[in-house]
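The values are calculated or read from the model by the stated rules, or taken from the named source; none is laboratory data. Because the structure is a prediction, the values reported are computed rather than measured. Here Cβ is always computed from backbone atoms with ideal geometry, including for glycine, and neighbour counts include all displayed protein chains.
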Amino acid sequence: MSPCLAWSVMALAMAELPQNFGHVCVAHLPEAVTEGPYRSIGAAIYPDGDKPHPALNGTEYQVAIDSRDPVPVGAKVAQWIDSLSLDTKHSVRIRFHKKPATAFRFRFGQYQGADLCLYYKWGYDTWVLTEKKGKALGCDCP
């Protein structure tokens with residue numbers, strides 16, 4: 001068998017194998033925090049009220065899964081954390097101003113799909129992990 005044919009057969013066989021990885025789209029911050037009437041939510045941190053919410057610069061919130069490096073949560077752009085095993089439990093750590101804000105664990109088996117969305121629910125000041133459905137909730141990862 002020629003090397004090209006062998007490579008083609010191997011590539012085709014690999015393409016048909018089930019994917020054993022899941023992905024989490026870290027949503028950008030909600031518009032209500034970045035553009036809306038609650039933009040000055042940072043007033044509790046900045047009593048003069050002149051500065052916008054500290055998360056707007058995209059570096060104040062950071063998300064890390066397992067032992068991976070944290071990714072900043074942006075005001076306009078969502079991003080993937082990919083190649084996460086479908087078979088293991090994962091640890092999510094969220095930091096705000098370089099201090100722990102919240103943490104939780106999950107398994108992809110708790111959800112119907114392998115593409116999940118992690119978004120900030122600003123009205124409740126909490127983070128939610130759910131199945132990714134379109135571009136809702138700021139989960140418009142490329």
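The figures follow:
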| quantity | calculated |
| --- | --- |
| Residue match in the range 28-36 (condition: modelled with pLDDT under 90 and more than 23 Å from LYS133 (Cα to Cα)) | yes |
| Test: residue in the range 67-76 that is at pLDDT 85 or above and not in a loop (DSSP other than H, G, I, E, B) | yes |
| Filter result (in contact with a Leu (Cβ under 9 Å, 6 or more places away or on another chain) and surrounded by 13 or more Cβ atoms within 10 Å (Cβ to Cβ)) within the range 85-113 | HIS90, VAL92, ILE94, PHE106, ARG107, PHE108, TYR111 |
